[in-house]
Amino acid sequence: MEIDRPPQARLRIGLTVNGRPVEAGIEPRELLLDFLRNRLGLTGAKRSCDVQVCGACTVLVDDVPVSACCTLAYEARGRRVLTIEGLARDGRLHPLQDAFIEHAAVQCGFCTPGMILTALALLREVPAPTPVQVKAHMKDTLCRCTGYWKIIDAVVDAGRRMQAGEAPDAGGGAREVAPRGKP
Amino acid sequence: MTAGRRDSGEGKGGAAAPVDVVGTPVSRVDALDKVTGAAKYTGDLIVPGMLYGKVLRSPFPHARIICVDASAAERIPGVRAVLTGRDLADLDPYYGHAVRDRPVVAIDRVRFAGEPVAAVAADDEHTAHAALAAIQVEYQELPAVTDLTMALNDGAPRVHEEALRPGFLHSGEFRREEGNICYHYRIARGDAARAMAAADVVVEGDYTFPAVYQYAMEPHTVVAQWSADGLTVWACCQHPYLVRAELAGIFRLPQSAVRVIVPYVGGGFGSKSYTRMEPLTAALARKAGRPIRIANRVDEAMLTTRRHNMRCWLRTGVARDGRVVARECRIWLDTGAYADNGPRVALAAGDAAPGPYRWQAVAVDAWAVYTHMPPAGSYRAFGATHLQWIGESQIDVLAHRLGIDPVECRRRNLLRPGEEVRPGRKPLEADLAADVSKVAAAVGWGTPKPPLVGRGVSIGVMGAGANPASTAAVRMQADGTLVLLASTTEIGQGARTVLAQIAAQELALPLERIRVAGADTHVTPYDRSTGASRSTTVAGLAVQRAAADVREQLLDIASRVWGLPRVALRLHEGAVWHETESRSYADLIATHFGIAGGELIGRGEVAPGRGDGQAAGPVFWEISCGGAEVELDPSTGRIRVRRLASVADVGKAINPQLVEVQDEGACLQGLGNAFFEEMLFDGGQLINGSLLEYRVPTMADLPDEFHSILVGNGVGPGPYGAMGVGEGALAAVPGAIVNALLDLGLQMRDLPLTPERVWRRLREVE
């Protein structure tokens, strides 16, 4: 019996992931989400709805939030991809990450990477958003644990902190990425 | 900040002394891993040699399987094994914690559209998926009962014709009921018919509640691996020890040969209660002789378990002065093709029917009914969410008729602390009248209302805590740091953080010196389950006792070292002190062992057998209390929530921030259940099996204002007087909304309150 076998064809692509150049052979049908998770071991982007509704798989491609579950890896060729693993810099958390921790905007954590990257895209366009602006921008990113209030608080607060001088996009956060405290 | 205001009966904490960590909103211990993407969930794990599994599901709600031919699929390169019902011959293939009615994979017959018929293991997911199409299944379609009415008809086809065995967690003896009745729960107190006849005003009605999808963002995911030692399963399950017991039963293994490990869990809300995809994954791994991962997609998760759709008839009688007299209720819950948690849901629904009032007589019948529908089980605040809005709406109808303010009517009838809630069960802890007054005030009760604005409140109590059986261990390491072992799973509720806070408090240890292990049945000690809002109250108590055990050991050692009585010693900042002299825990451990090593192990247990809680339960009564102010757009039927309030009556908030966020999340799910969440079926087929068509609340659905009111009277049975929260608000919100519409003259008897349904009801009323 003839079966639709996975095609053996390989495409070569080059892209930048979290600031590092990556060259890879991919299948034409390979999704960006599978490429990141399975090939690069970057499991921060999560698979949930598969239909570009929930936002759990959101990564930034050339600074634009995209659903990695509905984007071909091929479409990311020649582009810059940022995943949650690439957000902290020089051992310091990004202010958004700090704010999510402090405001208890994290519960099960499954939506958190996509939520933070979606918020990052907003802060790059609107440096100090109001809660109304946060809601309008982030209403397509789902969280099933929180009531969203703490997430809105965190994004507004991160915007304020970044405006107040904590360097945007470079780990200006208060916390170290290293494990919590030392005894 | 947000439009909402948060009140707190506890005080918000602030910079508390490091030793007083209980009651402080410390940051979550798992937050750093979760904001950096480092947190690993089951689907992030790769076991060497792992294959990928896909499941072939029945297209028919009821059919006989004539033949499954997997030979073509097995010949596909990359396919390693295909599992069918024929592979279960040497197993005990039926499982179910309530009723052992569910095969690991269909045997001879399918009972719902979506039931697993076969599973493929392949080198990658694409190959496994492609191979499903190569499996030839011949079915003989049979008549199906795809709703409650069909299932309850005389002469209806029986979903289960054979004798069924009870599961190990069935409450009471299992008796096979007539026809398609899976379980029947009854409350009969006083002579309800007579009391009702004597009531001055009576209201009755028929109501419906839809099937609802929990939507844990992480769909069910399992990795199973066999070795000479037995079976290891990594799963996003809520109750690892119950899963272990069921796997041991199915595969005829001693419990010690089954190991269940729970990584971080991407939400549960009941959907990961009990056993889900674990038996199928383990059976496929056994056949393939390789580790397997099966990850459900959303549509498959919806077919795995869901909230029961329900039909209900309710009648309430009151006296002219507003005193409640009698309530009668009949409840039919569609539990689908397999009992799943249906019996407990029926029990909880029956218990929720009377509400927290002082009746002369009550008669409740609740039936879980088998149908040829996907199985229904737990979803946050089950039973209570089904019933509370109905009972509470009749209270308001009657209050309006008698010209009594609905809040005042409740004050006259609500049970008081110490009163009996249900015969033979634990008396009430909380002050319900105070709670309802708080939410009423928060939504502007008694203040002038603009046109088309209505207000409502709703209150109930839920038996919570499940069984009070938990154990925990803490291991103080040679350097004075602590490893905390508990099997309550971290599903987002903050269990690891709260348990760490409790241990920190008991041992006067800075929080940074504590690490909490994930649940692993080979490592972390027994816990019954993670659900029923029990982690803080029950597992927390076990941890408190385990930490106290180590504290006693430290005091003993210090007492010997100094030759002083223990009363002369105190614990502070990781050391034992006598006046101004101190010895660190590390010093004491080194002295005790005589080497630079060793550890102190503390053990804690909570068990009904040792007097923790009553056998009849519950561990505590969780309060479900909410208020809403809504604005109706009569031209579209759309409802805007202007204000929403909930009381989280926690006894003692060990971490107020975590309590708030749990309460907020429950409220938002309550809005989803009230306004739009509904699984739609046509002839047993799920027709909105995707988030494109199944809508959950987004930021755009937030109320204009939200108040989460923490109440802490220190009256709970948990550590420091804590009692659980996290579910109640979900049950409270639909009732508050329905009553706010009633305030506008609109009586709703079916959920969800979609604009179309509200609009049509408006036309009827006019």
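The values are calculated or read from the model by the stated rules, or taken from the named source; none is laboratory data. Given the structure is predicted, the values throughout are model-derived calculations rather than measurements. No Cβ is skipped: glycine too gets one built from the backbone with ideal geometry, and neighbour counts run over all protein chains shown. Just the protein is used for accessible areas: all its heavy atoms, side chains included, with ligands, DNA and RNA removed. Shrake-Rupley method; radii C 1.70, N 1.55, O 1.52, S 1.80 Å.
A few points about this structure:
- For the stretch B:256-330, the set of trypsin sites (Lys or Arg not before Pro) satisfying both a DSSP loop assignment and a count of at most 12 other C-beta atoms within 10 Å is given as B:Arg320.
- Each residue of the stretch B:237-246 was assigned a 3J(HN,Hα) from its phi angle through the Karplus expression (A = 6.51, B = -1.76, C = 1.60, θ = phi - 60°), giving 9, 8, 10, x, 6, 6, 5, 4, 4, 5 Hz with x at Gly and Pro.
- From largest to smallest, the equivalent ellipsoid semi-axes obtained for chain B from the alpha-carbon gyration tensor read 40, 38, 23 Å.
- Helix A:112-125 axis, angle to chain A major axis (alpha carbon atoms, nearest 10°): 70 degrees
- Point-to-point label distance, B:Ala228-B:Ala163, nm (Cα→Cβ direction, 7 Å offset): 4.1 nm
- FRET efficiency, A:Arg10 to A:Thr130 (Cβ-Cβ, R0 56 Å, nearest 0.05): 0.70
- Here the label points at B:His522 and B:Arg323, each 7 Å from Cα along the C-beta direction, are separated by 6.4 nm in the simple model.
- For residues of B:213-220, the mean tally of beta carbons on other chains within 10 Å: 5
- Cleavage-rule hits, GluC sites (Glu not before Pro), the stretch B:394-496, DSSP coil, Cβ neighbours within 10 Å at most 13: B:Glu419
- Angle between chain A longest axis and helix A:149-163 axis [Cα atoms, degrees, rounded to 10]: 80 degrees
- Using only side-chain charges placed at the Cβ, +1 for Lys and Arg and -1 for Asp and Glu, the dipole size of the protein assembly as shown relative to its Cα centre rounds to 520 debye.
- Accessible area buried at the A-B interface, both sides summed, 1.4 Å probe (Å², nearest 100): 5600 Å²
- Based on protein heavy atoms only, chain A ends up with 40 Å² per residue of surface accessible to a 1.4 Å probe.
- Think of the protein assembly as shown as a dipole: +1 on every Lys or Arg Cβ, -1 on every Asp or Glu Cβ, centred on the Cα centre; then among B:Gln544, B:Trp562, B:Ala337, B:Trp562 lies furthest on the positive end.
- Unit charges at the beta carbon, dipole of chain B: most positive-side option, B:Leu753, B:Pro61, B:Trp313: B:Trp313
- Gain on full extension, evaluated as 0.36 nm per residue between B:Asp405 and B:Phe593 minus their Cα-Cα distance, stands at 60.8 nm.
- Under the convention that each Lys and Arg Cβ holds +1 and each Asp and Glu Cβ holds -1, the size of the dipole of the stretch A:102-154 around its Cα centre is about 120 debye.
- Neighbouring partner chain Cβ atoms per residue of B:118-126, average, 10 Å criterion: 2
- Length gained on full extension, B:Ala607 to B:Leu564: 12.0 nm, using 0.36 nm per residue less the C-alpha separation.
- With N the number of residues in the protein assembly as shown, Rg(Cα) / (2.2 N^0.38 Å) evaluates to 0.93.
- Each of B:Pro618, B:Ala628, B:Ile46 was placed along the dipole of chain B (beta-carbon charges, centred on the mean Cα), and the one lying farthest toward the positive end is B:Pro618.
- Protein accessible area in the protein assembly as shown, 1.4 Å probe - carbon and sulfur %: 50 percent
- Computed magnitude of the charge dipole of the stretch B:467-610 (debye, nearest 20; Cβ of K, R +1, Cβ of D, E -1): 340 debye
- In chain B, the calculated helix contribution to ellipticity at 222 nm averages -8000 deg cm²/dmol per residue, counting -39,500 (n - 2.57) for every DSSP H run with n ≥ 4.
- Solvent-accessible surface of chain B, taken per residue with a 1.4 Å probe and all protein chains present: 33 Å².
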